[in-house]
Amino acid sequence: MTNSETDIHVAGSHASASFTLHGAGVSDGIAIGYAHLVSSARLEVAHYDIAADSVDAEVLRFENAIGHVRGELLQLEASVPASAPAEIGAFLNVHRMILDDASLSQVPRNLIRNRHCNAEWALTQQMDMLVAQFEEIEDAYLRERKNDVVQVVERVLKALLGSAHVPTGPSHEANMIVVAHDLSPADMMLFKQHQFAGFVTDLGGITSHTAIVARSLNIPAIVGLHHARGLVHENELLIVDGRDGVLIVNPDQQVLTEYKLRRDQLDIERQKLKRLRSTPARTIDGESVELHANIELPQDIDDVLESGANGIGLFRSEFLFLNRADLPGEDEQFEAYRLVAQSMQGKPVTIRTLDLGADKSIESSHEAGPNPAMGLRAIRYCLAEPLMFLTQLRAILRASSYGNIRLLIPMLAHAHEIEQTFVAIAQAKASLDEEGVAYDRSIQIGGMVEIPAAALALGVFVRKLDFLSIGTNDLIQYTLAIDRTDDAVSHLYDQLHPAVLHLVAHTIRSANRAGKPVAVCGEMAGDLSVTRLLLGLGLRQFSMHPAQLLAIKQQVLRTNLPDVTSLATRILRAGNVDKTRQLLAKLNA
Ligand code: PEP
Ligand code: MG
């Protein structure tokens, strides 16, 4: 962990009361540090006190920023062409009204004067208040106006940025724990540029993409704490136990010492695992197992190489599209894919085509629809946007001549979606042929099995595709009908549910029989508690976050397949969850 020991201490005799909150641990390990409250990464701002003699200057800085944004909005309004839809002008007008309303232009000024907050802090405090008020409104249209408030605040924050005094640097961040009500996957990506010690959020399910990105940051994280953002104060001392999902606020000295010892112990274990980096993953009885890595961006490659992965089993390419106003063009995508392919030096790199929609949306995307997880997401979205899809396919194909790239299609349910995808790929290939551009002519095309319909009607998938990858995160979501991002139903998210296990087992068995490679690339692949079960069900390819890979390898090395196969079959037949858990404990003993 990055905490610097000497800096962490319990506050003196006036320390606030200690208390504990429970949520769902999503990234293992223990972090000890000071609370840093944030609204969202986009609105992440420094919080600091202004000296009494600098208050006037700070108020002026705030007023200048408001004036600057007013000018910006007026200019934008003037530049709207007469032919543009009337809503555009009206929208800018609403933003100007919000900006000039006393609740945004006056109240933060008072906060700076009376409480000596810096301008950004004062502004975001007031924004949180206004957003909470909007959320109470019953009328859906008016309620959505909170987004306009946030957008206006973003503009002012941007204007303040140039004149900001930011007292935090990387060494300070290393002692900070981010406390947020909710964070989007896009927000989480922005945190990749920081070095915080841990994350805790009030909302979120354990396999939400926010949790997945938190896991890829390899720092302890907890979601679903419900009240952390409201109860924790800036700079309070926190312990994040990412394994058990426990947040301890203002721990006493004894608890702090105990957790420091546990953290050090975990560090030692992690260091020891590094010795397995180049050991082949083979069971005791000599069966080889492929351990691949999941990545979100090319910058994750260093962790992949460090982990000794046999390849990349899932490159979630849609993360290249987040946190930006425009779409990445063909050349930009090509460079990203090529970099990954070349870095892996001939090892397989499985690029999943865009899985946009649901909790990962881009500004130009379609309206989310009433139920985004079941809406125009992933391959459905790509087939509805043929130009965008073609651009990505051409970029992937071009990169395929620089390494061992495989194409993976998300969210397939229908045979005609496979056919349509093949047509799109053929079209991309033909356009490259016309231009004389090289690509891997025998590029492998695989499909994700993450909708129960695909697992149940697997024949067509096995026949038409070169390989399969089971996305257990969505497979569980859709089998059990629970939104993976919604912590209100996260207690129902059960990877051991008999229906889930049957779908997973059936997919592995059918693919193995047909001689088609099959992997699991959902979070189950990196979960030590089910490694033996999956091995026993016949799985020989796992893809997970690089941080989990060596622990899974250790479990593979300690497994004798003849011992686990019959128990795995009994688990499958158990049919009730208590019996399943009992047998699983035996399997893992
Ligand atoms: C899955 O659904 O299991 C999967 C790997 O894809 P994602 O988590 O990106 O939806
Ligand atoms: Mg999925």
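What are the residues in segment 316-325 that are assigned to a loop (DSSP other than H, G, I, E, B) and surrounded by 19 or more Cβ atoms within 10 Å (Cβ to Cβ), if any?
Leu322, the sole residue that qualifies.
Restricting attention to segment 466-485, report how many residues are assigned to a loop (DSSP other than H, G, I, E, B), within 16 Å of ligand 1 (Cβ to nearest atom), more than 11 Å from Thr207 (Cβ to Cβ) and not small (Gly, Ala, Ser). Can you show your working first?
Residues of segment 466-485 that are assigned to a loop (DSSP other than H, G, I, E, B), as a first pass: 466, 471, 481-485.
Cutting the leftovers down to within 16 Å of ligand 1 (Cβ to nearest atom) gives us 471, 481-485.
Next, only the ones that are more than 11 Å from Thr207 (Cβ to Cβ) stay: 481.
So of that shortlist, the ones also not small (Gly, Ala, Ser) come out as none.
Residues in segment 466-485 being assigned to a loop (DSSP other than H, G, I, E, B), within 16 Å of ligand 1 (Cβ to nearest atom), more than 11 Å from Thr207 (Cβ to Cβ) and not small (Gly, Ala, Ser): 0 in total.
Could you tell me how many of the residues in segment 305-340 are within 20 Å of Met544 (Cβ to Cβ) and away from ligand 1 (no atom under 16 Å from the Cβ)?
6
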How about segment 53-159: which helices (runs of 4 or more DSSP H) wholly inside it have at least 1 residues that are over 32 Å from the mean Cα position of the chain (by Cα) and either assigned by TED's automatic domain parsing to the domain that holds His181 or polar (S, T, N, Q) (or both)?
55-79, 86-100, 102-105, 107-115
Does segment 404-413 contain at least one residue that is crowded, with 23+ Cβ neighbours inside 10 Å, of a type in the set (Lys, Arg) and within 16 Å of ligand 2 (Cβ to nearest atom)?
no
Options Ala519, Ala438; residue that is in contact (Cβ under 8 Å) with a residue 24 or more places away in the chain, over 27 Å from Glu290 (Cα atoms) and either within 14 Å of ligand 2 (Cβ to nearest atom) or outside any helix (DSSP H, G or I) (or both):
Ala438
Please state which of the following conditions Gly286 fails to meet, knowing it meets all the rest: (1) in a helix (DSSP H, G or I); (2) in the same structural domain as Ser543 (by TED's automatic domain parsing).
(1)
Does segment 445-464 contain any residue that is at pLDDT 95 or above, in the same structural domain as Ala358 (by TED's automatic domain parsing), buried (at least 19 other Cβ atoms within 10 Å of the Cβ) and over 24 Å from Arg406 (Cα atoms)?
no
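Conditions (1) at pLDDT 80 or above; (2) in contact with a Cys (Cβ under 7 Å, 6 or more places away or on another chain); (3) of a type outside the set (Gly, Ala, Ser), marked per residue:
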position: Leu74; (1), (2), (3): yes, no, yes
position: Val80; (1), (2), (3): no, no, yes
position: Ala84; (1), (2), (3): no, no, no
position: Ala90; (1), (2), (3): no, no, no
position: His95; (1), (2), (3): yes, no, yes
position: Asn110; (1), (2), (3): yes, no, yes
position: Ala132; (1), (2), (3): yes, no, no
position: Glu136; (1), (2), (3): yes, no, yes
position: Val152; (1), (2), (3): yes, no, yes
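Residues are listed down the side, and each one gets a yes or a no for (1) within 16 Å of ligand 1 (Cβ to nearest atom); (2) out of contact with any strand residue (DSSP E or B) (no Cβ under 8 Å at 6 or more places or on another chain); (3) within 20 Å of Thr353 (Cα to Cα):
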residue	(1), (2), (3)
Lys429	no, yes, yes
Val437	no, yes, no
Ile443	no, no, yes
Val449	yes, no, yes
Ala457	no, yes, no
Arg463	no, yes, no
For segment 486-531: of the residues being among the small types (Gly, Ala, Ser) and crowded, with 17+ Cβ neighbours inside 10 Å, which is nearest to ligand 1 (Cβ to nearest atom)?
Gly522
Conditions: (1) outside any loop (DSSP other than H, G, I, E, B); (2) within 16 Å of ligand 1 (Cβ to nearest atom). Met411 meets all but one. Number of the miss?
(1)
Go through segment 253-297 residue by residue and tally those that are surrounded by 14 or more Cβ atoms within 10 Å (Cβ to Cβ), out of contact with any Ser or Thr (no Cβ under 8 Å at 6 or more places or on another chain) and over 21 Å from Leu535 (Cβ atoms).
8
Within segment 344-359, residues being within 14 Å of ligand 1 (Cβ to nearest atom) and modelled with pLDDT of 75 or more number 8
Answer with yes or no whether Arg398 is within 16 Å of ligand 2 (Cβ to nearest atom) and out of contact with any His (no Cβ under 6 Å at 6 or more places or on another chain).
no
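Let me confirm something: among Ala46, Ala41, Ala11, Ala15, which residue is loosely packed, with under 15 Cβ neighbours inside 10 Å, at pLDDT below 90 and touching a Phe, Trp or Tyr at 6+ places or on another chain (Cβ under 8 Å)?
Ala46
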Restricted to segment 402-444, and to residues that are among the β-branched types (Val, Ile, Thr) and within 15 Å of Leu314 (Cβ to Cβ), which residue is nearest to the chain's Cα centre (by Cα)?
Ile409
Does segment 537-552 contain at least one residue that is out of contact with any Gly (no Cβ under 8 Å at 6 or more places or on another chain), modelled with pLDDT of 95 or more, surrounded by fewer than 21 Cβ atoms within 10 Å (Cβ to Cβ) and in a helix (DSSP H, G or I)?
yes
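Residue-wise test of (1) in a loop (DSSP other than H, G, I, E, B); (2) in contact with a strand residue (DSSP E or B) (Cβ under 8 Å, 6 or more places away or on another chain); (3) within 16 Å of ligand 2 (Cβ to nearest atom); (4) of a type in the set (S, T, N, Q).
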site	(1), (2), (3), (4)
Thr279	yes, no, no, yes
Leu314	no, yes, yes, no
Leu327	yes, no, no, no
Asp331	no, no, no, no
Val340	no, yes, no, no
Gln345	yes, no, no, yes
Among the residues of segment 364-385, is there at least one that is buried (at least 23 other Cβ atoms within 10 Å of the Cβ), out of contact with any Gly (no Cβ under 8 Å at 6 or more places or on another chain) and of a type in the set (Gly, Ala, Ser)?
no
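Can you confirm whether Ala426 is of a type in the set (Gly, Ala, Ser), surrounded by fewer than 19 Cβ atoms within 10 Å (Cβ to Cβ) and within 21 Å of Met374 (Cα to Cα)?
no
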Please count how many residues of segment 441-463 are closer than 16 Å to Ile508 by Cα, free of Cβ contacts under 8 Å to residues at least 60 places away in the same chain and not aliphatic (A, V, I, L, M).
5
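The values are calculated or read from the model by the stated rules, or taken from the named source; none is laboratory data. Remember, predicted model here, so these are calculated numbers, not experimental data. Every residue, glycine among them, receives a Cβ derived from its backbone with ideal geometry; neighbour counts consider all protein chains shown.
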